[in-house]
Amino acid sequence: MSGLFAATYPGRTWALVLAGSYARTLWAPDYPPGIREDDFRSGMERAQQARQRPDEYAANVDGPARAIRCACAISEWRLFAVESATP
């Protein structure tokens, strides 16, 4: 909303600070550090699976989630996955 306000009322906006934002996410010829579209889509599918079934996802995924096998850590992962999703 702050970006929309700054664009709509540039005379009333002195500065706009966007923390943790990116210029772009997907790859383009003029933006080589971007993510390829098929990699982006597969990542989004994995994130959706994690939000729908966090127990199964945490038990089967490679990486840091492999270390969280106890019920306590899986319940914390569930809470993180559910509460970090936008509606």
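The values are calculated or read from the model by the stated rules, or taken from the named source; none is laboratory data. What you see is a predicted model; the values in this text were computed from it and never measured. Methodologically, a virtual Cβ is constructed for each residue, glycine included, from the backbone with ideal geometry; neighbour enumeration extends over all protein chains shown.
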Taking residue 6 and the conditions (1) modelled with pLDDT of 80 or more; (2) more than 29 Å from residue 79 (Cα to Cα); (3) not in a helix (DSSP H, G or I), which numbered condition does it fall short on, given that it satisfies the others?
-> (3)
Search result, residues across segment 4-24 that are in contact with a strand residue (DSSP E or B) (Cβ under 9 Å, 6 or more places away or on another chain) and surrounded by 10 or more Cβ atoms within 10 Å (Cβ to Cβ) | 24
From the residues in segment 22-60 that are at pLDDT below 80 and assigned to a loop (DSSP other than H, G, I, E, B), which one is farthest from residue 83 (Cα to Cα)?
-> 23
